[in-house]
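**Q** After the structure tokens below, expect a handful of questions from me.
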Amino acid sequence: MSYNKINNLLGWLCFTLASLTYILTLEPSVSFWDCGEFISCAYKLQVSHQPGYPLFAMIGKAFSLLSMGDRTKVAYFTNLGSALASGATIMFLFWSITALAKKLLAIKNTPVNKTQTLQIMGAGLTGALAFTFTDTFWFSAVETIVFAWSSLCTAVVFWAILKWDAVADEPRADRWLVFIAYIIGLSIGIHLLNLLTIPALVMVYYFRRYTKINIKSGLIAFAVSILILALVQFGIRGYTIALASRFDLFFVNTIGLGFGSGVLFFFLLLIGLLVAGIWYSIRKQKHFLNVSLLCIVFIYFGYSSFVYIPIRASAGTNLNNSHPSDAFTMYEYLNRTQYGETPLLKGPLFDAKITDVTDGTPLYRKGKKQYEVAYNKPNYVYDHTSILPRMWSTEENTTYAQDSQFYRDWLQLSDNATPTFSDNLRWMFSWQMYQMYWRYFMWNFVGRYNDDDMEGQTNMNGIGGNWTSGLFNNASNTPKFVLNDVTYTPLYALPLVVGVLGMLYHFKKRKKDALVITLLFFFTGLAIVLYVNQPSVQPRERDYSYVGSFYAFAIWIGLGLIALIDMVPKKISPRFATIGAFVICTIVGPVLLASKEWKNHDRSTKMAAHDMAYNYLMSCPKNAILFDLGDNDTYSLWYDQEVENIRPDVRIVNLSLLSADWSVRQMQRKINQADALPITMNFDKYKLGTRDVIRYNDAKIPGYVDVKDIFDFITSDDKRTHVEYTNGTTENYLPTKNFKLAVNADDVMKNKVITPEQKGMLTDTMKWKFPPNYITKENLAMIDILAHNDWKRAICFTTSIGQTSMVGLQPYLYQEGFTYRLLPFKTDSSLADQLSKINSLVMYSNMMDKFKFGNFKTAKYLDQQSTSMFFPQMVSAFSDLSAALLKEGRRNLALNTLHKYETVMPDINPNFMTAQGKITMADTSYKLDYAKLGNKLIKSVNGYLTDKLDYNYHQLQKDTGRLSPRDVQISMSLLNNMVAITHNSNQKELSGQLLAQLNDYADKFKSILQL
């Protein structure tokens, strides 16, 4: 069999094995984070968050059609698309490794022999299949996310440049370059990560086409590669739309033509210039110019998928992020303006103070006949700045206090210490590079403890989310709950060793090729770290951003097999050495990775994200308004409603998005079966630049003021309702924080807000204090809703929402499952926790008859969001409901609640919040004479706490720097609580055991507990 046939067949074998792996471990429904939004936007061809993923949406739509009308299967088939794309990535990786290995072994223009073929194919299989089972790549391969398809684009363009390299001397070889340009253009419609391959691609071209290879020409080639990257990223992708918008501004505002006329003229001009340039290059036989212009044209062809965005935005889809329907909003959408700007080369450090604010770039919006300036972006002037600012969060950022404190904690700076440039670099190397890149790299090729993303980001020395080889872990220095968890994946650093061997051998034998792989490794890894300049703790781990870098390292894992063969004494048969090396590399690569990683990537039984959103929706009364905040709440809710049509009567309102005028405007129209929100303001009252912030200015008004009067006052255009500042500007202001809302009992009863039995609990007036010192746009919309809803629709908040988003309504919020519902009951000021109130019978009905539980009891794997967010919510809900029912004397219902918990919930302890909920539930169990469950819960929590305490005592004895005084203090507090509960419940034996433990640990940790 010929070399090419073997190469092709084994490539397809890699595709089959990888695809089968991902299909077998595929999540059957929606996953957490962006997946719900992506599936929803694909299914109905809608507009997702900035900077847009139009080609990904269209591909997803094609795969969704395989569901054959079964809405519950849509997510499975869009997930299947990621699995197949990932399988194809492995195939192209195999072909890339074999191409590089062939250059290592074969003499040019000489056919490879059988032994060389065996070595080359072995290298390809080892590297490709090892990458198949790496943590980061596998995670994205089994869900609907852009990184699976983006990785495929990366694999294709790198494979294509190697194909070009092999035939570069042949006629028409440069068609491969045009093909690469087209894939790069297409990839922009999926994710921008693919653009970072450009420096490596340019260097392949340089090494192949130039004869005078030296440091000077190499640096020039590298500089050119950066310029090409900038041309595509900022020129073709960004400034094309920016110029189109400026042409439109001129044509509309100056000439007086209609909207879009300037855009049309600009693109006709652009097409004409490119056609003229290509015609000129052909006529003058300028080959390089011709190929360059063709590459630009084909990048534009691929990039043309973005025409989808304004077309679908203008169609008014349900999900329509930023509503980018014209050139100006499209440019802002592409440049992610809603996320703010990040300083790169010069800017303020976190201790810089704002000394002045000037008007910056004007932002235009469509008026009735012309473009109008909505507002000028503010330019902030600081008292001092720094080059290469890494710790850059400043006062205008909403997370400034959190960010600045984290910087000080990480660098161990006192509250009064001024950060230096040296501190700035320490932060960059220790947190941005090590903690947020190298830690991820080690996860994939060395091993890791677990998937605790919060401790992983915030504690370099901690176990949670950290990397480990597993070589020195044992029960004394590692908690049992870590060692026994499915996410504990020790790889013994063996894949790393093989990859480093391959890298060293590559540099020794073919420095040019090794340099190309190094550029690919750097630009898809550390270069992203430098460019993105992440400030402080992220909402989630960001390892998926660097998958291209891990892809590059997998090439060296493959070449490590050839390096290992080269180390074998020459007296051993090359064929025998090849087989032996292949067996060794396969065991320490693909086999080891598959055996360790499978258990924490098998999502085939996981339904947590789907069912969490389902429970949110089922907790709402008919036609409810549901306020939520986080990505994991919102995107899953969108999926359940937009794709599976679950509770289409509920109006989902994301408060983060509601801060934008386009979002408020969308809420003023009906979608699905959900009516428009009762927002009475016309667009001019809240458009961008109008009432963005309404500041509190105490007018000394006695008592409480009706919310309708407050709303009328803060939205009035009458200058008498404005406050004037020293610079002569005027704006609306909030005159009081004391709000009230008169309650019409007839309206409440007519709309069935409460049952007739609850009528005696009604108050005639709701009174509350508005906590913030200013009203933002989402607050303004909420006040409008409160003022004009008249109890026609239920107002609910997800239980995961922060209290700062509840605008002071906590005294009137009652839990009814996974939501808090606004109810006009008399307040109870004696409650320390105003959110502890429960509308018990409604909540009981929801949880017992309507809820789904994410296959928690039987799922093979539960991700970090399932165990740290959904599971604690479930434990808390069962605990609170059973306790409330018991307090109300409904013992049978309380006992039913506990039995339900036993039936559907697993025995896991992911955090202290869960432990506290279980302890409360145990107390309720004892009071219901259900000691069996009470003891089971207490013993479960006790095992978790003693494990933590034993681990921390080991750290205290060895002075490892990993001791957590906070964990010790919380564990002791909970243990003390369990002693009291079991004692009061007459569980003498168990109480005695717990007391003995408590006293023992109190003695062991007396130095900490006395602090």
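**Q** Can you work out which of the residues in segment 933-969 that are charged (D, E, K, R) and under 22 Å from THR914 (Cβ atoms) is surrounded by the most Cβ atoms within 10 Å (Cβ to Cβ)?
**A** So the residue we want is LYS948.
**Q** To continue, here is another question. For segment 546-602, enumerate the residues that are in contact (Cβ under 8 Å) with a residue 12 or more places away in the chain and among the aromatic types (Phe, Trp, Tyr).
**A** TYR546, PHE550, TYR551, PHE553, TRP556, PHE582, TRP598
**Q** Inside segment 158-192, can you point out the residues that are at pLDDT 95 or above, among the β-branched types (Val, Ile, Thr) and more than 23 Å from HIS49 (Cα to Cα)?
**A** Result: ILE161, VAL178, ILE180.
**Q** Hey, another quick one. Condition test on LYS927, is it touching an Asp or Glu at 6+ places or on another chain (Cβ under 6 Å) and of a type outside the set (A, V, I, L, M)?
**A** Here the answer is no, as LYS927 does not meet what is asked.
**Q** Right, something else. Of all the residues that make up segment 840-869, how many are over 14 Å from TYR901 (Cβ atoms) and among the aromatic types (Phe, Trp, Tyr)?
**A** Number of matching residues: 1.
**Q** Working only within segment 321-338, note down all residues that are of a type in the set (S, T, N, Q), crowded, with 22+ Cβ neighbours inside 10 Å and outside any helix (DSSP H, G or I).
**A** Hits for segment 321-338 are ASN321, SER322, SER325.
**Q** Within segment 409-447, count every residue that is of a type outside the set (S, T, N, Q) and in contact with a Pro (Cβ under 8 Å, 6 or more places away or on another chain).
**A** So the count comes out to 5.
**Q** List pairs: first in segment 708-724 and assigned to a loop (DSSP other than H, G, I, E, B), second of a type in the set (A, V, I, L, M, F, W, C), Cβ under 8 Å, 6+ apart or cross-chain?
**A** What qualifies is THR715/MET681; THR715/LEU780.
**Q** Could you say which residue among ASP712, ASP706, ASP692, ASP698 is surrounded by fewer than 12 Cβ atoms within 10 Å (Cβ to Cβ) and out of contact with any Ser or Thr (no Cβ under 6 Å at 6 or more places or on another chain)?
**A** Going through ASP712, ASP706, ASP692, ASP698 in turn, the sole match is ASP698.
**Q** From the list LYS108, LYS102, which residue is over 29 Å from the mean Cα position of the chain (by Cα), part of a loop (DSSP other than H, G, I, E, B) and on the phi < 0 side of the Ramachandran plot?
**A** LYS108 is the lone residue from the list that is over 29 Å from the mean Cα position of the chain (by Cα), part of a loop (DSSP other than H, G, I, E, B) and on the phi < 0 side of the Ramachandran plot.
**Q** Could I ask something else about it? In segment 649-697, what count of residues is obtained for those that are in a loop (DSSP other than H, G, I, E, B) and either more than 16 Å from CYS796 (Cβ to Cβ) or in contact with a Lys or Arg (Cβ under 9 Å, 6 or more places away or on another chain) (or both)?
**A** Qualifying residue count, segment 649-697: 25.
**Q** With the requirement that a residue be among the acidic types (Asp, Glu), assigned to a loop (DSSP other than H, G, I, E, B) and either loosely packed, with under 14 Cβ neighbours inside 10 Å or at pLDDT 90 or above (or both), what does segment 339-395 give you?
**A** GLU341, ASP383
**Q** When the residues of segment 809-830 are narrowed to those that are closer than 22 Å to LYS737 by Cβ and free of Cβ contacts under 8 Å to residues at least 24 places away in the same chain, which ends up surrounded by the most Cβ atoms within 10 Å (Cβ to Cβ)?
**A** Filtering first and then ranking leaves ASP828.
Quick grid of which residues meet (1) in the same structural domain as GLY943 (by TED's automatic domain parsing); (2) over 30 Å from SER604 (Cα atoms); (3) over 28 Å from the mean Cα position of the chain (by Cα):
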| site | (1), (2), (3) |
| --- | --- |
| SER829 | no, yes, yes |
| SER845 | no, no, yes |
| THR858 | yes, no, no |
| PHE871 | yes, no, no |
| ALA884 | yes, yes, yes |
| ASN909 | yes, no, no |
| PHE912 | yes, no, no |
| LYS927 | yes, yes, yes |
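**Q** Is one or more of the residues making up segment 296-305 crowded, with 17+ Cβ neighbours inside 10 Å, among the β-branched types (Val, Ile, Thr) and more than 19 Å from ASP174 (Cα to Cα)?
**A** Within segment 296-305, not a single residue is crowded, with 17+ Cβ neighbours inside 10 Å, among the β-branched types (Val, Ile, Thr) and more than 19 Å from ASP174 (Cα to Cα).
**Q** Quickly run through segment 626-652 and pick out the residues that are aliphatic (A, V, I, L, M), out of contact with any strand residue (DSSP E or B) (no Cβ under 8 Å at 6 or more places or on another chain) and buried (at least 23 other Cβ atoms within 10 Å of the Cβ).
**A** If the condition is that a residue be aliphatic (A, V, I, L, M), out of contact with any strand residue (DSSP E or B) (no Cβ under 8 Å at 6 or more places or on another chain) and buried (at least 23 other Cβ atoms within 10 Å of the Cβ), then VAL643 is the only one that fits.
**Q** Does PHE158 satisfy the criteria of being assigned by TED's automatic domain parsing to the domain that holds LEU515 and crowded, with 23+ Cβ neighbours inside 10 Å?
**A** Criteria met by PHE158.
**Q** Taking only segment 262-295 into account, find how many residues are within 23 Å of SER245 (Cβ to Cβ) and surrounded by 14 or more Cβ atoms within 10 Å (Cβ to Cβ).
**A** 8
**Q** Something else: So CYS14 passes all but one of these: (1) at pLDDT 95 or above; (2) surrounded by fewer than 16 Cβ atoms within 10 Å (Cβ to Cβ). Which condition number does it fail?
**A** CYS14 satisfies every listed condition except (2).
**Q** Within segment 850-865, identify whether any single residue is without any contact (Cβ under 8 Å) to a residue 60 or more places away in the chain and buried (at least 20 other Cβ atoms within 10 Å of the Cβ), and answer yes or no.
**A** no
The values are calculated or read from the model by the stated rules, or taken from the named source; none is laboratory data. Remember, it's a predicted structure, so these values are computed and weren't measured experimentally. Methodologically, a virtual Cβ is constructed for each residue, glycine included, from the backbone with ideal geometry; neighbour enumeration extends over all protein chains shown.
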